[in-house]
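Below is one structure; the comments refer to it alone.
The values are calculated or read from the model by the stated rules, or taken from the named source; none is laboratory data. Fair warning: this is a prediction, and the values are worked out from it, not measured in the lab. Note that we place each Cβ from the backbone using ideal geometry, even for glycine, and neighbour counts take in every protein chain shown. When the accessible area is computed, the model is the full protein with side chains, heavy atoms only, and any ligands, DNA or RNA have been set aside. Shrake-Rupley method; radii C 1.70, N 1.55, O 1.52, S 1.80 Å.
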Amino acid sequence: MTMPDLTADCSQCAALCCVAYPFDASEEFAIVKETDTPCPNLTDDFRCSIHADLTCKGFGGCVAYSCAGAGQRITQELFDGETWRDDPDLLPHMTHALRVIRPIHEALLILKEAQALPLSAEYARRCDALIQALCPQDATSIWDFEEAEVQDALAAVPEFIPELAPFVPQSD
């Protein structure tokens, strides 16, 4: 099993987060944006035109967001570096992939942290099994991540994590 890179690398992504998610005007987002619609602050080279001023311009939600490496994985591995700007027909497929793979990457981040705990052999085995299930071998399509085994493991993570509380070292 190969653990994917769980650190965002925006330079290897097609700004999927700036397209995939909708937002309402709020404290976190200064504007209303629809699902699968590029943010008006997105430039042609997939960069944010207001990145240095996101918070003061009302985009704190963007500052807080992380795809946990899902964006570049989708762009580079599943779509071989092609982007929705290269082929607009890819947009709904790429953004759907982000909505499927990002929660998997977030779960992997949590499980990776759990592996650092002094777990019993049984809990370490269960943690490893969840990670294994969330990392389909030779994944080349979004369908690989939508398989029942992967989705069942993803659904099991929120139930598994609270069971690890006895292994968390207590601070003084």
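The charge dipole of the range 1-154, taken about the Cα centre with unit charges on the Cβ atoms of Lys, Arg (+1) and Asp, Glu (-1), comes to about 480 debye, rounded to the nearest 20.
Using all pairs of distinct alpha-carbon atoms, the Kirkwood hydrodynamic radius of the range 1-103 works out to 13.9 angstrom.
How big is the Rg/Rh ratio for the range 80-172, C-alpha atoms only, Rh by Kirkwood, two decimals? On the Cα set of the range 80-172, Rg over Rh gives 1.10.
Report the Cα centroid-to-centroid distance between the range 100-172 and the range 1-26 in angstrom, as an integer. What the calculation gives is 20 Å, centre to centre. Rounded to 0.05, the FRET efficiency of the D89 and Y65 pair, given R0 = 25 Å and the Cβ-Cβ distance, is 0.45.
Across the chain, the relative contact order, built from alpha-carbon pairs under 8 Å that are at least six residues apart, equals 23 percent. Can you give the Rg to Rh ratio for the range 26-74, taking only C-alpha atoms and Rh from Kirkwood? We get a ratio of 0.96 for the range 26-74. With both labels modelled 7 Å from their Cα along Cα-to-Cβ, the D53 to A124 distance reads 5.3 nm.
Is any residue of the range 39-78 close enough, with backbone N under 19 Å, to a label point placed 7 angstrom from the Cα of D24 along the Cα-Cβ axis, and if so, which? Inside the label zone: 58-62.
How large is the Kirkwood hydrodynamic radius of the range 67-122, in angstrom, based on all distinct alpha carbon pairs? Please list the in-between numbers first.
On the way: mean 1/r = 0.0790 Å⁻¹.
That comes to 12.7 Å for the range 67-122.
Each peptide in 76-86, 11-21 gets a packing score, the mean of other Cβ atoms within 10 Å over its residues, and the list from highest to lowest is 11-21, 76-86. I'm spelling it out carefully: the read-out is log10 I(q)/I(0) by the Debye sum over Cα atoms at q = 0.09, 0.14, 0.15 Å⁻¹, the candidates are (i) -0.28, -0.69, -0.79; (ii) -0.37, -0.81, -0.90; (iii) -0.34, -0.73, -0.82, and one was derived from this structure. Which label? For log10 I(q)/I(0) by the Debye sum over Cα atoms at q = 0.09, 0.14, 0.15 Å⁻¹, the calculated option is (ii).
With bins 10 Å wide beginning at 0, the percent of Cα pairs of the range 130-172 falling in each bin runs 26, 39, 20, 12, 3.
A 1.4 Å probe run over the chain, with the rest of the protein chains in place, finds 57 Å² accessible per residue.
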